Each structure stands twice: as C-alpha cells, then as structure tokens.
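Student: One structure follows; several queries about it will come next.
All of the numbers you see were taken from the coordinates with simple rules; none came from a lab. Predicted model, so just to flag it, every value in this text is computed and none were measured. Every residue, glycine as well, gets a Cβ built from its backbone with ideal geometry; the counts of neighbours run over all protein chains shown.
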Amino acid sequence: MRSRVLILFAHPALHKSRVNRRLIESVRGLDNVTINDLYEEYPTFDINVGREQELLLAHDVIVFQHPFYWYSSPAILKEWEDLVLEYGFAYGTGGTKLQGKLFLTAITTGAPPEAYCRTGFNCFTIRQLLAPFEQTAKFCGMRYLSPFVVHSALGFRNEKEIQAKAQAYRHVIEGLRDGLLDLDEVEKHARINEAPSAVGLQDPG
C-alpha cells in the first residue's frame, strides 16, 4: 500500500527561486503527494490550525521543504510549528497523533558542502544545524530521516544541473511514497541524497 506524502512548502519569494521552484515542480501532480504551499495558503500568516492538523492526520510522511534561512526555516514554518503542533495533539497527554509518521527535511543552501563542518565557515554540520527539527520530530513521536540537501543553490551553471537535483528529489519522494527506501540504510548517511536506495546514480552530488 502506498504511503501518503505531505510536503509543507515554505518559500517567501518563489518567483526569485532557481532550485526550490524546480524541486517542487518535479513532484507536483504525483499521486498520493499533497503540496501545501504555506505562503500561498496564508499570505497574512493567519494559519488554520484545524485544517493543518487534518492534513497531518491524513498523511504518513511529512516533509518540510524550504530554503535554509539563517540556519533555520522561513518565518511562516516556525509560526506553523508554534500553532499546529499543539499539546494534546502532537505531544503531551493524549498527544500521540503524529506517532509513527516519517519526517523529512528538504532544504537548499547557498554555501557548498565543505562550509558545513567544524573547519568550515559555518562551523557545524548540516545535521547539527538541523537538530531543532530532528528533536521536534522525535518529540512528536515521528521518525526523523537524514535530510535531503541541495548545496550551492546559487551556483549552478545551467538548467541541466538543477534538473538533476529535481529528479533526485522526485525519486526520494516517490521512494518514500512507495516504501522502496531502506530506512535503516538511509539513517547511516549524512544526507538522504547519499543513500543508494534513495537516489542510486541519479544524484552524483
């Protein structure tokens, strides 16, 4: 049986995006995949908590897709977390609604991979910087997967390079939907991009 995938997409200036726009386009229209564009749905940040919780309940895999702004997410996604992941729903007494779901972070960064290490100018690895998302997922009883990361999003030389990343993303989303990924293998890698069962030879970077 196919899983149902919910992509919570947050990009405040999509018209300026080169990579995130292509990533989201690559999965638009896939069966059992719902794209919830938060900035389009809530331009005034007036988030409908009931609607969002119903979407969470109706899906098995939750994806946060966004550019990696200031080592975190765009503001609306933080607002979404604050309002939607309520006590009694996502955590606390009776807060078991999200337990057992899979959680994936899909991000783009401006800096190259070598910037994300102790000796790089960002000082920490991507996994370390994503720790708040990982802990949020675990606190809500979800299984946190190694992130999908596209580095150097501003430095791609041509559309072919961007298209390769978009195809790799589509492959990951389809693999999560269809149960084709070895999740234990995925967790051994810093990025889901590196796991053979996730992208095979489709994403060399």
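Student: Hull surface divided by four, with the convex hull built on the Cα atoms of region 1-88: how many nm²?
Tutor: Details: hull surface 26.2 nm².
Directional mean of the projected Cα hull area for region 1-88 stands at 6.5 nm².
Student: Could I ask something else about it? What is the calculated FRET efficiency for T93 to E41, with r their C-beta to C-beta distance and R₀ = 35 Å, to the nearest 0.05? Could the numbers behind the result be given before it?
Tutor: On the way: r = 30 Å, r/R0 = 0.85.
Calculated value: 0.70.
Student: Can you tell me, using C-alpha contacts under 8 Å and at least 6 residues apart, the relative contact order of the chain as a whole percent?
Tutor: Details: 331 pairs, mean separation 48.0, N = 205.
Value for the chain: 23 percent.
Student: At E194 and R18, where each label point lies 7 Å from the Cα along Cα→Cβ, what is the point-to-point distance in nanometres?
Tutor: If labels sit at E194 and R18, their model points lie 2.5 nm apart.
Student: Subtract the Cα-Cα distance of Q128 and K160 from 0.36 nm times their separation in residues, and report this length gain in nm to one decimal.
Tutor: In short, 8.5 nm is gained.
Student: Another question about this same structure. Expected output is a single nm value to one decimal: the length gained when fully extending between T119 and E185, i.e. 0.36 nm times separation in residues minus the C-alpha distance. What is it?
Tutor: Working: separation 66, 0.36 × 66 = 23.76 nm, distance 2.72 nm.
Result: 21.0 nm gained on full extension.
Student: As a footprinting exposure proxy, order V63, V49 by other Cβ within 10 Å, with the fewest listed first. Write down the numbers at each step before the final one.
Tutor: Working: V63 27, V49 13.
Taking fewest neighbouring Cβ atoms as first place, the list is V49, V63.
Student: On average, how much area does the Cα convex hull of the chain cover when viewed from any direction, in nm²? Show your work: numbers first, answer last.
Tutor: Numbers: hull surface 45.1 nm².
Over every viewing direction, the Cα hull of the chain projects on average to 11.3 nm².
Student: Next up: How long is the gain from D82 to L30 if the chain were fully straight, where each residue apart is worth 0.36 nm and the alpha carbon distance is subtracted? Intermediate results must be reported in sequence, preceding the final value.
Tutor: Values: separation 52, 0.36 × 52 = 18.72 nm, distance 2.90 nm.
15.8 nm is the gain from fully extending D82 to L30.
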